[in-house]
Amino acid sequence: MGKYDKFFALAKEAGLEQVELSISEFHSLNISLFHGEVDEYKDNNGYAIVARGILNGKCGSASCDVWNKDKAAWLVKEIVANAKVIENDDPIFIFKGSEKYHKVNTYNKDLEKVSIDEKMKNLYALEKALKGIDKRIVEVAGTEYSESTEKHTLVNSNGLNLVQKANYFTFVGQCVAKEGEQTKSGYDFFLGNKFEEFNPEEFAKKIVKLTVDQLGGEACESNKYKAVLHPDVVTSLMRAYIGHANAEEVQKNSSLFIGKIGQKIASSKVTIEDKPLQKNVFARWFDDEGVATYNKPIIKNGRLETYLYNLTTAAKAGVQTTGNGYGGGSKRGIASSFLSLKPGKKSLEQLFEEVGNGVYITDVSGLHAGLNPQSGNFSLQSTGFMIENGKKGKPLDLITVSGNLLEIFKDVLEVGNDVTVSPSGVSAESLLIKKIAVSGK
C-alpha cells in the first residue's frame, strides 16, 4: 500500500474517519477490418481511481484518471467538500473485510503471449470465410477483434487490500445477405480467454447461417402462440426480470417482487442464480465494497429465495449483504456479476417437437422503450420463425410480441440445454412457454 500512503495520511489529517481507494488499471486492444483493410486500430492503457471517505457520518467521493503526488491532496479535498453537502441519511460503510475469500483466477497469461500477427491472421481468415460460404452474402459489414486486461484493487484505512486480475478477448463478425429484393444482416460474437479455442471458419459458418436463414421472412397471422424463445431473447427478458430482485428497488417500492420472498413467482422449471465464483471471464471473488462474493440462487424452482443487497441496503433491511455492491461513487449500486439460468435436459429440436405448431422468437428490440418497469408489460419488435409440425419453419419478419415479464416466467414449460453466454454476463437457454401474443398481419 506504499504507493498510496500519502493519501491515507492526508485523509487522517483532514479528519476523515475512514477512507477507501478503488483502483482500476486496464489495457485494451481493438482492431477492425473493412474490405480487407484495417479500419481501426486502438491500443490503450487506462487508469481510474474512485476514492471514498466518511466525515461526520457522511460519505464523500472523488475520482481521477492519473496518480501523482498532487492527486492525493486533491482527492482528500474533494471528498471533504463532497461529504459536507451530502443530505442522504442512509447508513454507509468502509468495509473491514470478510472472514474468508474464495479466490477465482480468471487471468490467462498465455493470452498475453499471442502475437499481433496471429490476431490479424485470424481476423483476415474470418473476413475471407464470411465472403465465401454462401453466394447470397453480398457484403461483409465488418470484423473486429478486441482484447481487455483488467486489474482491480481495493485498499482502505481498515487494512483491507484486495487485488483481482482478469483478461479476455472477443471476435465479432457481421455480414449482409440478399435474395430478390430482400436484404438481411446478421452478426455474432465469440468471447473467451483461451485464444486457441477460436476457429474463424467455424465461427463464420455460424454467422452466415444466422444471416441467410432470415431471408424470405414475412409477418404471420396475429394470434397467441405457443412459443420457444431463443437464449438471446431470454437473456434480455431475464435481466429486466431479475432487476426486480434489487434490494434498492424493493426499498423504493418500485419492484414487482416486493413481499414475495419465499413465494413461488415463476414456473418450477425456473432456477436463476447469481454465480460470481463461476470460473469464466465474469468471475468476481469480491465486490466493489470488498465483500466476499458467493454463488446463490435468486429464484429456485420458481420460488424467490433472496433479494440482492449491498452493505447499505442490507443494513436498512437488517440482513447480511449478498456481496452485490458494484459501481457508483460515494453510494454503491447493486448488480449481479454472472447471472445464470439453470439448463434443462431437452435440445432445441425437442422443444420444437413439444410445441408442434407455434413460433420461435429469435430476436427482440426496443426493450428499454417497450417495457413498462412498473407493470412488467412489454411490446417489442421481433423476428423469428414459425414452428410447423414440430420443426423450424419459414422465417418471420415485421412482427411484434407482447406480454408480461411475470407471466412469461410463470408460463415456462421447459428449459432447453443450449447454454449461451452473452457479453453482458448472462448464461441462458431457450425457453418453451405456454403462449405469447404476436401481432403480424
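The values are calculated or read from the model by the stated rules, or taken from the named source; none is laboratory data. None of these values were measured; they are calculated from a predicted model. Every residue, glycine among them, receives a Cβ derived from its backbone with ideal geometry; neighbour counts consider all protein chains shown.
Taken as a whole, the condition of being touching a residue at least 40 places away in the same chain (Cβ under 8 Å), closer than 30 Å to Lys121 by Cα, assigned by TED's automatic domain parsing to the domain that holds Ala9 and aliphatic (A, V, I, L, M) does not apply to Leu55.
Looking across region 363-392, the residues that are in contact with a Phe, Trp or Tyr (Cβ under 9 Å, 6 or more places away or on another chain) and under 17 Å from Phe409 (Cα atoms) come down to Val364, Leu367, Leu371, Asn372, Gly376. State yes or no: is Val138 exposed (fewer than 14 other Cβ atoms within 10 Å of the Cβ) and in a strand (DSSP E or B)? The answer is yes for Val138.
Scanning region 281-334 for residues that are under 20 Å from His102 (Cβ atoms), assigned to a loop (DSSP other than H, G, I, E, B) and either assigned by TED's automatic domain parsing to the domain that holds Ile92 or of a type in the set (Lys, Arg) (or both) returns a single hit, Arg284.
There is no residue in region 189-200 that is at pLDDT 95 or above, surrounded by fewer than 19 Cβ atoms within 10 Å (Cβ to Cβ), of a type in the set (Asp, Glu) and under 17 Å from the mean Cα position of the chain (by Cα).
Of note, Val19 does not satisfy the criterion of being part of a loop (DSSP other than H, G, I, E, B) and either out of contact with any Leu (no Cβ under 7 Å at 6 or more places or on another chain) or outside the structural domain of Val176 (by TED's automatic domain parsing) (or both). For region 262-280: of the residues being in a loop (DSSP other than H, G, I, E, B) and either among the basic types (Lys, Arg) or assigned by TED's automatic domain parsing to the domain that holds His368 (or both), which is surrounded by the fewest Cβ atoms within 10 Å (Cβ to Cβ)? Checking each candidate, the answer is Lys279. Summed over region 305-350, the residues that are surrounded by fewer than 19 Cβ atoms within 10 Å (Cβ to Cβ) and of a type in the set (S, T, N, Q) give a count of 4.
Only one of the numbered conditions (1) of a type outside the set (A, V, I, L, M, F, W, C); (2) assigned to a helix (DSSP H, G or I); (3) free of Cβ contacts under 8 Å to residues at least 40 places away in the same chain is violated by Gly259, and that is (2). Do we find that Lys165 is under 30 Å from Phe7 (Cα atoms), among the basic types (Lys, Arg), in contact (Cβ under 8 Å) with a residue 40 or more places away in the chain and out of contact with any His (no Cβ under 7 Å at 6 or more places or on another chain) in this structure? Yes; evaluated as a whole, the condition is true for this residue.
Would you confirm whether any residue within region 428-441 is among the hydroxyl-bearing types (Ser, Thr, Tyr), part of a strand (DSSP E or B) and within 25 Å of the chain's Cα centre (by Cα)?
Looking only at region 428-441, we keep the residues that are among the hydroxyl-bearing types (Ser, Thr, Tyr), and these are 430, 439.
Now restrict to residues that are part of a strand (DSSP E or B): 439.
Okay, now just the ones that are also within 25 Å of the chain's Cα centre (by Cα), so none.
No, that holds for no residue.
Among the residues of region 236-256, are any surrounded by 22 or more Cβ atoms within 10 Å (Cβ to Cβ) and in a loop (DSSP other than H, G, I, E, B)? Checking region 236-256: not a single residue is surrounded by 22 or more Cβ atoms within 10 Å (Cβ to Cβ) and in a loop (DSSP other than H, G, I, E, B).
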